[in-house]
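For reference, the structure discussed in these notes is given below.
The values are calculated or read from the model by the stated rules, or taken from the named source; none is laboratory data. Just so we're clear, the structure is a prediction, and the values are computed from it rather than from any experiment. Every residue, glycine as well, gets a Cβ built from its backbone with ideal geometry; the counts of neighbours run over all protein chains shown.
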Amino acid sequence: MTKTNSGGKNRNMGREINASAPERNEIIQVLEKHGKPLQRKDIVATLKVESDDSREILRRRLRAMVRDGQLIQTRRNAFGLPARMDLVKGRISAHRDGFGFVIPDDGGSDLYVSSREMRKVLHGDRVLAGVTGSDRQGRREGMIAEVLERANDSIVGRYVEENGIALVVPDDPRINQDVMVALKDTAGARPGQVVVATIVTEPTERQPPVGIITEILGQSGAPGMATEIAIRSHSLPHEWPDGVEKAAEVFGESVPQEMKTGRKDLRNLPLLTIDGADARDFDDAVFARRQNKGWRLIVAIAEVSSYVKPGSILDIEASHRSTSVYFPSRVIPMLPEALSNGLCSLKPAVDRLCLACEMTVADDGSVQRSRFVAAVMNSSARLTYQQVADYYEKGVLKHHDDKSDVKRNLDDLQALYKALRRARLKRGAIDFETTEYGFQFDQRGAVSGLIAQERNDAHKLIEECMILANVEAARFLLKHKLPAPYRVHASPPEGKLEALGQFLRGQGIRVPWRDNPQPKDFETVVKETKGRPDEQLVMAVLLRSQSLAAYQNSNEGHFGLALDAYSHFTSPIRRYPDLLVHRAIHHLLSRGKASDYQYSEEAMSELCARCSHNSRRAEEAERDVIDRLKCAYLENRIGDEFEGMVSGVTSFGLFVELDYGRISGLIHVTGLPNDYYHFDPVAHRMKGERRGQVFQLSDRVKVQVVAVNLDERKIDFELVP
């Protein structure tokens, strides 16, 4: 992902090419200026591409731009701009009812695609689509002009045989075409088993996809199956290519002396890590010391960039994965264990390389000065969140009560945290407080219960320190104008804001904004909702109203945190954008400039798009497993009764979220007390015609579990009188 220049090298027919060629933006500018598609010879002449080597690079670049959807190659072999041809480039988002949308890459309005057109594609495919008009609802409607990239090499689903025909019914409801399989290609699968079908023939308007069964996973309800299905449904890379693990093991288990040379020595400071009890990859260590009118704060982050070099086999795979994926009973790491849990992890009492952000923080929580240093450290303690919370509450530090330097560090960190919290509240950052749930598993690996995971002050302390370091990294990179990934969170879109305002008013909550809400407006709602019976419901709706955060090559601030600039710097073991930020900082520390940096703006933009997509993919997979496990738990509790709250009202029934585990299910309208019910979408309520009984958002109800469909992740409740 590096830019081509006069020193760049390509291979062509066994010989080296040392040449330059026009960049993509120059090609686009030429086509914009001419106002019509141009053949390659015309582009060559206009841009004065003279040597054979340069023309070969240009040929490849044009082909890559067509593949990426930046250009269209016409039947006359001319190259044109999609936007000028009324073509929209984007990714298919399919609906379980058959229709779908093209989500434009440029962020424009979605393009509706009919069920007939959707036969040509599957969910996630990248396409070029032509705008054909508007449907009855006024939505832009289109047709698929070209498939740029297929998203599904394989499909995971349930094996079915019907009338001598073998099918794989996709597990993902958004993939609404069954995969046909010849009986000779079933690999011995039995009806009802979960299998993986590799696509051999892509779908067309007249024929569904055809595949062969390449893996049999087992029965859908078996322990561990939820994770196996999610991994394959979301195409998560989960096996290391040949040579990757060996490349990580080459560095050994300890840091050699030559790698420590020239780095700042922080081994005399009682830096410590604070993580979850089951954590094994320790990204960050912290140290605070009270000084005149403030604190000295050091956030030391695990060094990954010294081991994972650009273009190496480790880097290629890390870029491909982009993030570690955390399931309830399994982790798919971005880096092999030799690095993620070994040489890069900031384990206690061993020397480790790090990149540290050293800050001077004033009493009001503002950063007065900061600098980045390549350093070597030795963690004085590996602490858990609960240990630290217990220390703050009881004054006893379990397993480390004899370490006065560690306890002093925690005391100073606590005082600093209080200042940072005051600063956070002052700037109006949104402070969503929601309860997450973890799972208990029995000896077979089946779900036996759910446990509330409360956030304590130790969690929040680390969060505030990490936010501070992330902000300083973003400011440092902005100052030097180096291509780098910024974490951008836009303000909520207008449509979601309208729906949110309507919801809040229906709950009797004042809407504190008019046109352009600020983060502090949302924080006002959070404060007003504190302690209400519907607090969790309001928090969930507020969260759903937010825009999705993304990685971008340009900084546009972070709405939720109320910050002008933000990056991800603190987790390079598990996030690729953080590794890119570290590389940029190291480049600047070694007196490099933007002009000699290995990443161009264009390459960085492509990496940001990939990381955003893979990050969302991981989140969807994690959510998928959680939903399955909740269903699996209730599948064994049919007939049991639970307390809950109405979390949604529709024309076909009430959605109820249980107090236990925040598990959601549906009371169908036919399961309500015998009456004719009328749905009021504005008031979010349902009213009986004869008896006048009303059901509305946030109503407390008692329900009985009557049915669970594990394949579709659906739970049916009945109202208990």
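Looking at (1) surrounded by 12 or more Cβ atoms within 10 Å (Cβ to Cβ); (2) under 36 Å from the mean Cα position of the chain (by Cα); (3) in a loop (DSSP other than H, G, I, E, B), which one does Glu712 not meet, given that it meets all the others?
Against the list (1) surrounded by 12 or more Cβ atoms within 10 Å (Cβ to Cβ); (2) under 36 Å from the mean Cα position of the chain (by Cα); (3) in a loop (DSSP other than H, G, I, E, B), Glu712 comes up short only on (1).
With closer than 26 Å to Leu420 by Cα, of a type in the set (Asp, Glu) and modelled with pLDDT of 95 or more as the only criterion, which of Asp284, Asp315, Asp265 stands out?
After ruling out the rest, the residue left standing is Asp284.
Given the condition more than 25 Å from Ala302 (Cα to Cα), touching a Gly at 6+ places or on another chain (Cβ under 6 Å), buried (at least 20 other Cβ atoms within 10 Å of the Cβ) and not polar (S, T, N, Q), answer yes or no: does some residue in segment 540-552 qualify?
No: segment 540-552 contains no residue that is more than 25 Å from Ala302 (Cα to Cα), touching a Gly at 6+ places or on another chain (Cβ under 6 Å), buried (at least 20 other Cβ atoms within 10 Å of the Cβ) and not polar (S, T, N, Q).
Exactly one of these conditions fails for Gly107: (1) surrounded by 18 or more Cβ atoms within 10 Å (Cβ to Cβ); (2) within 26 Å of the chain's Cα centre (by Cα). Give me its number.
All conditions are met except number (1).
Go through segment 239-273 and report how many residues are of a type outside the set (Asp, Glu), assigned to a loop (DSSP other than H, G, I, E, B) and exposed (fewer than 14 other Cβ atoms within 10 Å of the Cβ).
Selection size over segment 239-273: 9.
Could you give me the residue pairs with C-beta distances under 8 Å whose first residue belongs to segment 355-371 and is more than 15 Å from Asp412 (Cα to Cα) and touching a residue at least 24 places away in the same chain (Cβ under 8 Å), whose second residue is part of a loop (DSSP other than H, G, I, E, B) and among the small types (Gly, Ala, Ser) wherever it lies, and which are 6+ apart or on separate chains?
Pairs found: Leu355/Ser305.
Would you mind stating whether Tyr385 is in contact with a Leu (Cβ under 6 Å, 6 or more places away or on another chain) and either on the phi > 0 side of the Ramachandran plot or in the same structural domain as Ile573 (by TED's automatic domain parsing) (or both)?
no
Can you give me the number of residues within segment 284-303 that are farther than 18 Å from Val406 by Cα, in contact (Cβ under 8 Å) with a residue 12 or more places away in the chain and surrounded by fewer than 24 Cβ atoms within 10 Å (Cβ to Cβ)?
Qualifying residue count, segment 284-303: 2.
Among the listed residues Ser115, Ser93, Ser134, Ser109, identify the single one that is closer than 20 Å to Ser235 by Cβ and of a type in the set (Gly, Ala, Ser).
Exactly one residue qualifies, and that residue is Ser93.
Could you figure out which of (1) surrounded by 19 or more Cβ atoms within 10 Å (Cβ to Cβ); (2) modelled with pLDDT under 95; (3) among the aromatic types (Phe, Trp, Tyr) isn't true of Phe679?
Evaluating Phe679 over (1) surrounded by 19 or more Cβ atoms within 10 Å (Cβ to Cβ); (2) modelled with pLDDT under 95; (3) among the aromatic types (Phe, Trp, Tyr) leaves (1) as the failure.
Return the residues of segment 130-181 that are among the aliphatic types (A, V, I, L, M), out of contact with any strand residue (DSSP E or B) (no Cβ under 6 Å at 6 or more places or on another chain) and farther than 17 Å from Gly98 by Cα; say none if nothing qualifies. Don't jump to the end; show me each part of the working.
Keep residues of segment 130-181 that are among the aliphatic types (A, V, I, L, M), which gives 131, 143-145, 147-148, 151, 155-156, 160, 165-169, 175, 179-181.
Narrowing further to those that are out of contact with any strand residue (DSSP E or B) (no Cβ under 6 Å at 6 or more places or on another chain): 151, 165, 175.
Those that are among the aliphatic types (A, V, I, L, M), out of contact with any strand residue (DSSP E or B) (no Cβ under 6 Å at 6 or more places or on another chain) and farther than 17 Å from Gly98 by Cα: Ala151, Ile165.
If you check Gly531, Gly506, which single one turns out to be farther than 21 Å from Leu425 by Cβ, of a type outside the set (Asp, Glu) and at pLDDT below 90?
Only one candidate qualifies: Gly506.
Residue under question is Gly211, and the condition is that it be surrounded by 15 or more Cβ atoms within 10 Å (Cβ to Cβ) and part of a loop (DSSP other than H, G, I, E, B); does it hold?
So Gly211 fails the test.
Counting just the residues of segment 692-707 that are in contact with a Lys or Arg (Cβ under 6 Å, 6 or more places away or on another chain) and surrounded by 14 or more Cβ atoms within 10 Å (Cβ to Cβ), which one comes out farthest from Ser647 (Cα to Cα)?
Selected residue: Val705.
Please go through segment 655-672 and give me each residue that is of a type in the set (Val, Ile, Thr) and either assigned to a loop (DSSP other than H, G, I, E, B) or surrounded by fewer than 17 Cβ atoms within 10 Å (Cβ to Cβ) (or both), ordered by number.
Ile663, Thr670
Filter segment 298-325 for residues that are among the aliphatic types (A, V, I, L, M), under 23 Å from the mean Cα position of the chain (by Cα) and outside any helix (DSSP H, G or I) and give the result.
Residues satisfying the conditions are Ile301, Ala302, Val304, Val308, Val325.
Which numbered condition trips up Thr74, out of (1) closer than 21 Å to Val131 by Cα; (2) surrounded by 13 or more Cβ atoms within 10 Å (Cβ to Cβ)?
In the conditions (1) closer than 21 Å to Val131 by Cα; (2) surrounded by 13 or more Cβ atoms within 10 Å (Cβ to Cβ), Thr74 misses (2) alone.
Could you check segment 56-97 and list, in sequence order, the residues that are of a type in the set (Gly, Ala, Ser) and within 26 Å of the chain's Cα centre (by Cα)?
Listed by number, the residues that qualify are Gly69, Gly90, Ser93, Ala94.
Condition (residue is at positive phi, outside the structural domain of Asn709 (by TED's automatic domain parsing) and in contact (Cβ under 8 Å) with a residue 60 or more places away in the chain) applied to segment 203-225: is it met by at least one residue?
Taking every residue of segment 203-225 in turn, at least one turns out to be at positive phi, outside the structural domain of Asn709 (by TED's automatic domain parsing) and in contact (Cβ under 8 Å) with a residue 60 or more places away in the chain.
Tell me, please, whether a residue that is of a type in the set (Asp, Glu) and modelled with pLDDT of 95 or more can be found in segment 424-433.
Checking segment 424-433: not a single residue is of a type in the set (Asp, Glu) and modelled with pLDDT of 95 or more.
So that you can scan it fast, the table gives a plain yes or no per residue for (1) over 23 Å from Glu393 (Cβ atoms); (2) of a type outside the set (Ser, Thr, Tyr); (3) more than 21 Å from the chain's Cα centre (by Cα):
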| residue | (1), (2), (3) |
| --- | --- |
| Tyr417 | no, no, yes |
| Leu425 | no, yes, yes |
| Gly438 | no, yes, no |
| Glu464 | no, yes, no |
| Phe476 | yes, yes, yes |
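What pairs come up if the first residue lies in segment 674-691 and is over 18 Å from Phe503 (Cα atoms) and assigned by TED's automatic domain parsing to the domain that holds Ser647, the second is surrounded by 17 or more Cβ atoms within 10 Å (Cβ to Cβ) and β-branched (Val, Ile, Thr), and their beta carbons are under 6 Å apart, counting only those six or more places apart or on different chains?
Tyr677/Val669
Being β-branched (Val, Ile, Thr) and at pLDDT 95 or above is the filter here; which residues of segment 202-221 pass it?
Correct list: Val210, Ile212, Ile213, Thr214, Ile216.
Go through segment 266-322 and count every residue that is under 20 Å from Leu339 (Cα atoms) and not hydrophobic (A, V, I, L, M, F, W, C).
22
Only residues that are part of a helix (DSSP H, G or I) and surrounded by 19 or more Cβ atoms within 10 Å (Cβ to Cβ): list them for segment 501-523, please.
Selection gives Phe503, Leu504, Pro519, Phe522, Glu523.
Which of the residues that make up segment 619-650 are touching a His at 6+ places or on another chain (Cβ under 8 Å) and outside any strand (DSSP E or B)?
Glu620, Ala621, Asp624
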